[in-house]
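Single-structure report; data block below.
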Amino acid sequence: MKTKTATQSSAATEPGPGSGAPGAAVVSFENVTKSYGPVRAVDGLSLDLHPGETVALLGPNGAGKSSTLDLLLGLRPADSGSVRLFGTTPREAIAAGRVGAMLQTGGLMEEVTVRELVELTCALHPRPYPVEQVLGLAGVGDIAGRMVNKLSGGQEQRVRFALASAGHSDLIVLDEPTTGMDVTARQAFWATMREQAAQGRTVLFATHYLEEADAIADRVLVLSKGRLLADGTAAEIKARAGARRIAFDLPEGSVDERALRELPCLTGFERHGDTVRLQSSDADATVHAVYALGAHPRNLEVAGLGLEQAFIALTEAEEA
């Protein structure tokens, strides 16, 4: 858990309901389940989120990410178990302005300008920021006079972020926040999110951009079939996958490819021309066996899995 300080407005320093003791969990799931007919979308999920954490929520399609966010935001009731935000129910925490959310579902009001929509949202927030501050923070000041129904996909995402950050919220929930944004907009967005976390806010985001989770999150949650498959830093998730990457150059035809595919401890094999890429659960044994074949690999590299490869390895193992 991180302890951070920042200068904030008087509205931002007012304690909300259920603040609890310093360091208390911002979000608490206790053995939560949710089913839709025969499908168990969330299956006995238990986890806590703490102040100042930036947490990535990962999982393949159908893993239960959206259902988990719906439960967290009080959009759907749990079948069993308990979901608490700041020691209260999700609806109580949201009504107090302690939660900002940016979701994929739901459209934006049309026939109004971006400024008018932000002004309305600020007026409704229990602890609002000044409108100009919100427009600037979200990077939409230059399109404030544009009609909402005339925005591009990336611009709509930035407007959704403006609405999610219209007031001081202690928890910010983001569902695929950078979809449709170009590289520059994505970088600016995550710079803003780092500032939010540095001020003690908790940021929870679901994403399919695993490089974002690797670069941004200080904690990664991996869901599979509604269950928490892994919980730790990106480095811990990579280590848990247990495999390493091996790459080298080997002239085609110098070694029988079948022999390469039968190397010990292999969990993955690719070959493109002279370049061979392997994935192994015991890199030392695999490399030793390569040389035992009489091969003379050049440009040999051995490295840990990236978060994407680790994610695939973990979820495939769970499926198996």
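The values are calculated or read from the model by the stated rules, or taken from the named source; none is laboratory data. Here the structure is a predicted model, which is why all the values come from computation and not from measurement. When we count neighbours, we look across all protein chains shown, and the Cβ atoms used for this are built from the backbone with ideal geometry, even at glycine. Remember, those area values only see protein heavy atoms, side chains included, never the ligands or the DNA or RNA. Shrake-Rupley method; radii C 1.70, N 1.55, O 1.52, S 1.80 Å.
Miscellaneous remarks
- Entry note, the chain: the mean residue ellipticity at 222 nm calculated from DSSP H runs of n ≥ 4, each adding -39500 (n - 2.57), is -9500 deg cm²/dmol after division by the residues and rounding to the nearest 500.
- Given +1 at the Cβ of Lys and Arg, -1 at the Cβ of Asp and Glu and no other charges, the dipole of the stretch 105-239 around its Cα centre is 180 debye to the nearest 20.
- Between Ala230 and Val222, the built amide H atoms are under 5 Å apart, and every one of these is 5 or more places off in sequence or on another chain.
- In loop segments of the stretch 63-161 as defined by DSSP, the GluC sites (Glu not before Pro) with at most 14 further C-beta atoms inside 10 Å of their C-beta are Glu110, Glu111.
- Per residue, the convex hull spanned by the alpha carbons of the chain comes to 161 Å³.
- Accessible area expressed per residue, the chain, with surrounding protein chains retained (probe 1.4 Å, Å²): 47
- The stretch 141-181 - percent of accessible surface contributed by carbon and sulfur, probe 1.4 Å: 44
- When Rg and the Kirkwood Rh are both derived from Cα coordinates, the Rg/Rh ratio for the stretch 153-262 amounts to 1.15.
- A Förster radius of 56 Å, combined with the Cβ-Cβ distance separating Glu301 from Glu30, puts the computed FRET efficiency at roughly 0.80.
- Angstrom value of the Kirkwood radius, inverse mean 1/r, which spans all Cα pairs in the stretch 141-194: 11.9
- Rounded percent of accessible protein surface that carbon and sulfur make up, the stretch 198-244, 1.4 Å probe: 50
- Whole-angstrom gap from the stretch 33-76 to the stretch 149-198, using each part's C-alpha centre: 21
- Note on the chain: with charges restricted to the Cβ of Lys and Arg (+1) and Asp and Glu (-1), its dipole about the Cα centre is near 640 debye.
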